[in-house]
Amino acid sequence: MQLRLRDVTKKFGDFTANDRVDLTVEPHQIHCLLGENGAGKSTLMNVLYGLYEPTSGTVEIDGEPVAFSGPGDAMAAGIGMVHQHFMLIPVFTVAENVALGHESTRGASLDLATTRARIREISQRYGFAVDPDAVVEDLPVGVQQRVEIIKALVRDAEVLILDEPTAVLTPRETDELLAIMRQLRDGGTSIVFISHKLREVRAVSDVITVIRRGRVVGRVGPETSTDELAALMVGRDVSLTVDKTPALATGAALEVRDLTVVGDNGVVLLDGVDFDVAPGEILAVAGVQGNGQTELTRALVGLEERVTGSVRLDGHELTGLRTRDVLARGVGFVPEDRSTDGLVGSFSVAENLVLDRCHERSFAAGPSLRLGAIAQHAGSEVAEYDIRAGSVDSPVATLSGGNQQKVVIARELGRPLKLFVASQPTRGVDVGSIEFIHERIVAERDKGTAVLIVSTELDEVYALADRIAVFFHGRLMGIVGPDTPREALGRMMAGEPAESVLPAAPWDHAGDDDAAAPGTLSGGTDRGTTNPLPPTAAPPTPSEPTSPTGRTAPADRHEGNPTA
Amino acid sequence: MSATTAPAGADQVSAPPPTELAAGEHRRTLLGSTVQSVLAVVVALVLGGLLIAVTDEKVRDAAGYFFARPGDTLSAMWTAASSAYVAMFHGAVYNPSGATFADRIYPFTETLTVATPLILAGLGVALAFRAGLFNIGAQGQILVGATLAAWVGFSWHLPAGIHLIAVVAAGALGGAVWGGIVGLVKARTGAHEVILTIMLNYVALNLVAWLLTLPSFQREGSSNPISPAVDGTAMFPKLLGEHFRLHWGFALAVLATVAVAWLLHRSTVGFELRAVGANPRAARTAGISVTRGFVVVMLLAGLLAGLAGTAQVSGTEHSLTAGVAASFGFDAITVALLGRSTPWGTFFAGILYGAFRAGGVTMQSMTGTNIDIVLVVQSLIVLFVALPPLFTFAVRRSRASTHSQEAA
């Protein structure tokens, strides 16, 4: 089956998400759609999948124009889609999930036997190792994704759309997925692979279509070099490495000891974590989503209910304080999801810029808001952070993702800070804004603020980090230097502690007592449980990135910028 | 965190993220546009007119020979509907057959009198809406406010001026306590405010009924469940002289509208309440206490409803009965809905509903049209206010089905 998008244009009001896109997916082909976040890839696929109606242009199958009014039609035509967010019911079994909406019945009763057999057959053919009777919520993310793929294959999909499938996977799971994709292609399924990760794209694609600002800007083969691809993607040579001097970190502004967070269901989400962040230092937390990083940031600002352990900022205990009081002590917080936690969509830009500051003297006189001052403040922040908004009175929901994020960053960096905590600071943000936000974060560090960044993008971690912490299943796998190879971080993300990945991991200077007495593990507050510091390791100053093990595969690091 | 709640996505520059959309949809049902409100009223009036026409006796007679002279039926229909609405207008706004100017504008002052408790209680409901709470409990809050106001009014004997202030304060306090309980329980236990307010309405109603059986609340020499009349010093003075029932309670309603407008848009408390209503998660992340917001907004909502109870006791009824709140507490919900939960929208919606009530009586006595037709029109208005999202939904569905036909 040949699938073609002919001159597809999709507009949302004045915004053109797709501009005369022409795309042909041949049979037996892995066709990659490469583009930055916000380039219009997902919009295009939603048009293809019948979720959006194109403003103009057509979708054609084997030369015949078709019109899908919804996913049902697309599925019937042999197009399957695996969304970034899985569409699975966690408490159902694999078979039930696969059968859902497609149930075969015997009289009034559900006939799952056929589905089970189909799952086994597909599973066997592609080596999926999926048990049809396993409950989905018990499965690892990578396997859940395979269930999604099975769902599409059971419905005889000939074209499979994978929307950012690797965003939630560990490096190993990613490699497995790439292998599966090749097998599917060899078995006759064509695949549309949406991604912005150059390494994966080059590894697996037959054809790469590069999209920028809604337009096709290039159609190349997988032999194209990463820097060429990156240049196509962003339209100019981009440097993801921020110019920054080594951190002059001494002492500890933030001291986290034995921090544990328990979820509503009694599951331990963060398990006895110890670390320090020095003033003027960026500690970047790497790890696959859902390994406790979100809970860590939320616990720091008092948003988690069941927290034990200690968090000290400049010697003052923060645990047990209300969020308002934590913020008042000079903590800036950028939550992971700006639309649900960071912004009030219906509020204006100006209002959002003072969301956690409306009681400050500059914005309120007694119980009364100083609307003039708030508007003025908004005007200057919008100018300083180059926030593109119709006006400061426009609802913030009408802004693009990048500009929304800039509103959050501007708000949180707009007051004197001792600690800046940012979770996924540039998710869904265009490249220009990413650079700008990174520069701002480094500038804040250089003011002497302790900075904690959580990011699932390794490129971002490398660009910002003075030290890198890796989390797995709520535990700290170790803290390593900024030059630790990608492969080593990948192993830590999959659950190997730092000391087994790297012979010596001298970057964890949790507790200055350790630095003073490197021979003792049990000094002061250190529990010795999660600290990967071997008893014999000498503590070098963090400003000298001279880890002997940290330079084994430097070429693999900055995908977006091989010249770095 | 499980995989199903994993990364919020890329490529959402174009359309706002799904959560935004959902929240927006929800708010639009509450707030929407003024145009929609006006349209809802107009369409409801037209349909109400049709209903008046088809239930009219003359119309039915004319319909008997419809095919011989259809014009008769149509003109009878027009006469029935228009005369009913004209009568309603005369009863609610301006009575041209009045002997004096005062007589002629008397209907409008009646409208404002009836609107007073509707506006006050409506503001309470609207304020709670804005903080994301569905306050069904205005009825109970009015009753408790009225009870306390009446008790202070007839059992305390204070000098003029001070007595009235005490009565107003007591009414406000009664309502605030009744609303505050809801906020507190919701904040502490997470119980749903709709259930709480509905149940507290029953508690309030039965509490009043029981109190009125006690000697201390019963009028001397009467076995009816009615309290002694409040002192003259506890009554709102008439606003336009003794000829009219309109009292200073209406001025209080105007003042309350101004106060609520200030609170919502120009105060830190209102800023936080609106944030809690629009996106509680973001509010919490910004250090705003959502639970405290619930308590504060329910205290204020109850206070406003309590003032409505005071207006009834001190303004028009002058004593406490179990029926003192009439159905104002429930009408207040529709008033707030029609007013799109804005202070001034609620104010004018309150006056409109006041006009329906005042005019409905005249309509029934002059044209014999059943007063229940007013209820029908009111209900239709609510229906049409709530309809737009339903309408968009229907359009989307029908569009989808045409597409699938094309595809087939």
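Each 10 Å bin from zero up to the one holding the largest Cα-Cα distance in the range A:3-234 carries the following percent of pairs: 8, 32, 35, 19, 5, 0. Considering only B:PRO159, B:PRO280, B:PRO117, the mean-square fluctuation computed in a Gaussian network model of chain B, springs between alpha carbons under 10 angstrom, is largest for B:PRO159. Seen from B:ALA261, the other residues with C-beta closer than 13 Å to its C-beta sum to a net charge of +3, counting Lys and Arg as +1 and Asp and Glu as -1. In this simple spin-label approximation, A:PHE92 and B:VAL194 carry label points 7 Å from Cα along the Cα→Cβ vector, and these lie 2.7 nm apart. With contacts taken as Cα pairs under 8 Å and at least 6 residues apart, chain B reaches a relative contact order of 30 percent. For the range A:241-397, the Cβ-based charge dipole about the Cα centre amounts to some 440 debye (Lys, Arg positive; Asp, Glu negative; other atoms uncharged). Among the lysines, which have Cα under 18 Å from the Cα of A:LYS244 when same-chain residues fewer than 8 positions away are ignored? Straight-line reach from A:LYS244, under 18 Å: A:LYS447.
Computing FRET efficiency as 1/(1 + (r/R0)^6) for A:SER391 and A:THR55, where r is the C-beta to C-beta distance and R0 is 35 Å, gives about 0.85. Here's the picture: charge each Lys and Arg Cβ at +1 and each Asp and Glu Cβ at -1 in chain B, and of B:LEU211, B:ALA282, B:PHE348 the one pushed furthest to the positive end of that dipole is B:ALA282.
Suppose R0 equals 35 Å. What FRET efficiency, 1/(1 + (r/R0)^6) with r the Cβ-Cβ distance, do B:ALA326 and B:VAL54 give to the nearest 0.05? E between B:ALA326 and B:VAL54, to the nearest 0.05, is 0.75.
Here A:LYS11 is the anchor, and the lysines within straight C-alpha reach of less than 17 Å, apart from those fewer than 8 places off in the same chain, are A:LYS41. Less than 5 angstrom separates the built amide H of A:CYS32 from those of A:PHE193, A:ASP206, A:VAL207, A:ILE208, A:THR209, all sequence-distant by 5 or more or on a different chain.
Separation of the range A:406-421 and the range A:279-313, taken as the distance between their Cα centroids, equals 17 angstrom. Rounded to the nearest 20, the size of the Cβ-charge dipole of the range B:119-359 about its Cα centre is 760 debye, with Lys and Arg at +1 and Asp and Glu at -1. Extents of the range B:119-359, largest first, come to 60, 37, 34 Å (Cα atoms, principal axes, whole angstrom). What shape does the range B:176-297 have by the C-alpha gyration tensor, where a ≥ b ≥ c are the square roots of the eigenvalues, rounded means a/c under 1.5, and otherwise prolate means a/b greater than b/c and oblate the rest? Note, shape of the range B:176-297 comes out oblate. Checking the a/c ratio against 1.5 first, then a/b against b/c, what shape does the Cα gyration tensor give for chain B? Taking the square roots of the gyration eigenvalues as a ≥ b ≥ c, chain B is oblate. Could you identify which residue out of B:GLY339, B:GLY140, B:GLY277 has the top mean-square fluctuation in a GNM of chain B using Cα springs shorter than 10 Å? Fluctuation is largest for B:GLY277.
Our coupling estimate for the range A:481-488, obtained by passing each phi through the Karplus curve with A = 6.51, B = -1.76, C = 1.60 and θ = phi - 60°, is x, x, 9, 4, x, 3, 5, 5 Hz, Gly and Pro reported as x.
The magnitude of the dipole of chain B, with charges of +1 and -1 set on the Cβ of Lys/Arg and Asp/Glu and taken from the Cα centre, is near 900 debye.
Remark on A:GLY251: its backbone amide H falls under 5 Å from none of the residues 5 or more positions apart or on other chains, H modelled at 1.01 Å from N.
Within chain B, helices built from complete DSSP H runs that reach 20 Å or longer along their own axis (Cα positions) and carry a mean Kyte-Doolittle hydropathy of 1.6 or higher are B:34-55, B:193-211, B:249-266, B:290-310. Listed by chain and number, the aspartates and glutamates placed with their C-alpha closer than 15 angstrom to that of B:LYS58 are B:ASP72; residues fewer than eight positions away on the same chain are left out. In the range A:23-165, taking the dipole from charged Cβ atoms about the Cα centre, the farthest positive-side position among A:PRO132, A:PRO90, A:PRO165 is held by A:PRO132. Place +1 on the Cβ of every Lys and Arg and -1 on the Cβ of every Asp and Glu in chain B, take the dipole about the Cα centre, and give the residue among B:HIS157, B:GLY175, B:SER365 whose Cα lies farthest towards its positive end. The listed residue farthest towards the positive side: B:GLY175.
Each value in this text was obtained by applying a stated rule to the coordinates, not by laboratory testing. Everything numeric in this text was worked out from a predicted model, so none of it was measured. So basically every Cβ, Gly included, is an ideal-geometry build from the backbone, and we count neighbours across all protein chains shown.
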